[in-house]
Each structure stands twice: as structure tokens, then as C-alpha cells.
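Student: One structure is given below, represented as C-alpha cells, and several questions about it will come after.
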Amino acid sequence: MKKAILIYASKHHGNTYKLAKAISEKYEIAMIDATKESIVDLQEYEVIGFASGIDFGKFYEEIENFAEANLPIKKEVFFLYTCAMERKGFTNSIREIALKKDAIILGEYGCKGYNTYGPWKVIGGMNKKHPTEVEVKSAVEFFDKIYGLEFVEVF
Ligand SMILES: Cc1cc2nc3c(=O)[nH]c(=O)nc-3n(C[C@H](O)[C@H](O)[C@H](O)COP(=O)(O)O)c2cc1C
């Protein structure tokens, strides 16, 4: 069993934390809050996940800084995020950081998250119920595919 860890920053409403927590509970994977810890030795982990809300089109600065500072070379990495409006490219910047460290990218999962930034606050926010139970389940299923499948025994 590969040793895995999840690095997260979920500063706005804890939306992304819900995805990360569900995965961590199913697979008993440790989690690190990148807004609280900045230097951690990750060498013992083979699979490293980065989970973040989206802030002006990319992962939170704390996650990017954490990856720059702590991601060892040649690790398997994956990305989780929640955002106000789904679109491509939210992982471009964090992918670049990972690729500079010769990471093997396993994939990404993203979905909508409750957002009260700026004018949305006045009208009570957008995506109020997100991530939904289905979205959280889909995040776990994503991880089942990239990580859990190795446990399926074929007779
Ligand atoms: C300062 C700020 C900037 C944001 N920028 C974007 C953005 O560029 N694109 C987007 O889709 N959502 C954006 N959002 C919405 C958040 O990414 C979304 O609410 C996310 O679910 C927050 O995740 P968290 O609760 O895990 O921090 C922004 C939110 C804040 C507070």
C-alpha cells in the first residue's frame, strides 16, 4: 500500500476540506493544513494530494508555496479543488510547480463550492449547497480510481 498524504487549504467556507476529509477518512490518510504548517518533510510519502479553493484562477498561495517548499522530486501527485464557476486551467499553476519537481501527475477532481466573495455576499452567496453529497462522493470515487484500485484483488 502506497503511503499517501493530503495537503489542503480551505480558507473560504471549508468547501474543499469536505472533499479532502472524505478521502482521508476512507483511506486513513493524514492531512496537513497548509495555512498552518509551511515546512514538512514529505519524503516518506509516495502519493501527495494538493487540495484548495480557487482564488483568482489558481490554487491558494499557501498551497503553491507549500508545494514549492516541500514537494520532493519524483512523487505521484493529484489535485482537488472547489470553485465558484467550473472552467479549465485552475490547476495549471500548481501543475507547473509539480512538474518542475518531476512529479507524476495522477489526475485532478474539481467541483463547485459555496462562494460569498465580493458582490455574491449581498445576495447570500452562490452555489449554496456545494459541494453536494454527490460531489463529495465523486471526489472519493476519483481517488478510488487513481489510488484505491491497486487493492482490487484479481483471482
Ligand atoms: C478571494 C476569492 C477569490 C476567488 N476567485 C475565484 C476564481 O477566480 N474562480 C472561481 O471559480 N472561484 C473563485 N472563488 C470562489 C472559491 O474558489 C470557492 O468558493 C471555493 O469553493 C472556496 O473553497 P474553500 O471553502 O475550500 O476555501 C474565489 C473566492 C474568494 C474568497
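Student: Enter the accessible area of ASP41 (Å², nearest 10), with the probe set to 1.4 Å and all protein chains included.
Tutor: 110 Å²
Student: State, to one decimal in nm, how far the label point of GLU46 lies from the label point of GLU96, with both points 7 Å from Cα in the Cβ direction.
Tutor: That separation, rounded to one decimal, is 3.1 nm.
Student: While we're on this one: Spelling out what I want: for every residue of the stretch 106-116, take phi, set θ = phi - 60°, compute 6.51 cos²θ - 1.76 cosθ + 1.60 (Karplus), and round to whole Hz; glycine and proline get x.
Tutor: 7, x, 9, 9, x, 8, 6, x, 4, 9, 10
Student: Right, next: May I ask you to give the solvent-accessible area per residue for the stretch 4-151, in square angstrom, as obtained with a 1.4 angstrom probe? Walk me through the intermediate numbers first.
Tutor: Working: 7720 Å² over 148 residues.
Normalised by residue count, the accessible surface of the stretch 4-151 is 52 Å².
Student: Can you bin the stretch 55-101 into rounded, prolate or oblate? Criterion: square roots of the alpha carbon gyration tensor eigenvalues sorted a ≥ b ≥ c, rounded for a/c under 1.5, prolate for a/b above b/c, oblate for the rest. Write down the numbers at each step before the final one.
Tutor: Values: a/c = 2.40, a/b = 1.81, b/c = 1.33.
Prolate is the answer for the stretch 55-101, as a/c is 1.5 or above and a/b outweighs b/c.
Student: Separate question: Sum -39500 (n - 2.57) across every DSSP H segment of at least 4 residues in the chain, then divide by the residue count to get the 222 nm mean residue ellipticity, nearest 500.
Tutor: Counting only the DSSP helices, I get -9000 deg cm²/dmol.
Student: Can you list residues whose amide H is under 5 Å from ILE104's amide H, if they're 5+ apart or on another chain and H is modeled 1.01 Å from N?
Tutor: LYS75, GLU76, VAL77
Student: Now, a different point. Which of the GluC sites (Glu not before Pro) found in the stretch 78-155 are loop residues per DSSP with 15 or fewer other Cβ atoms within 10 Å of their Cβ?
Tutor: Filter output for the stretch 78-155: GLU86, GLU153.
Student: Identify all lysines with a Cα-Cα distance to LYS100 below 24 Å; exclude those on the same chain that are fewer than 8 residues away in sequence.
Tutor: LYS2, LYS3, LYS58, LYS74, LYS75, LYS88
Student: Under 5 Å between amide H atoms, partner at least 5 residues away or on a different chain: which partners does TYR114 have, H built in plane at 1.01 Å?
Tutor: Residues meeting the criterion, in which the H sits 1.01 Å from N, are HIS130.
Student: Near the amide H of TYR81, under 5 Å away, which other amide H atoms are found, from residues 5 or more places off or on another chain, if H is placed in the peptide plane?
Tutor: The list, which skips near neighbours in sequence, is SER52, TYR109, GLY110, CYS111.
Student: If I model a spin label at LYS3 and LYS121 as a point 7 Å from the Cα along the Cα→Cβ vector, what separation in nanometres do I get?
Tutor: Simple spin-label model gives 4.3 nm for this pair.
Student: Quick one: work out the % antiparallel among DSSP beta bridges in the chain, nearest 5.
Tutor: Antiparallel: roughly 10 percent of the beta bridges in the chain.
Student: Using a ≥ b ≥ c from the Cα gyration tensor of the chain (square roots of the eigenvalues), is it rounded, prolate or oblate, where a/c under 1.5 gives rounded and otherwise the larger of a/b and b/c decides, a/b for prolate?
Tutor: The shape class here is oblate.
Student: Do any trypsin sites (Lys or Arg not before Pro) in the stretch 31-107 lie in a DSSP loop with no more than 11 other beta carbon atoms within 10 Å, and if so, which? If you can, show how the numbers build up before the last one.
Tutor: Working: sites: LYS36, LYS58, LYS74, LYS75, ARG87, LYS88, ARG95, LYS100, LYS101; in loops: LYS36, LYS74, LYS75, ARG87, LYS88, LYS101.
Answer in residue order: LYS36, LYS74, ARG87, LYS88.
The values are calculated or read from the model by the stated rules, or taken from the named source; none is laboratory data. Just so you know, these numbers come straight off a predicted model, no measurement behind them. Here Cβ is always computed from backbone atoms with ideal geometry, including for glycine, and neighbour counts include all displayed protein chains. Remember, those area values only see protein heavy atoms, side chains included, never the ligands or the DNA or RNA. Shrake-Rupley method; radii C 1.70, N 1.55, O 1.52, S 1.80 Å.
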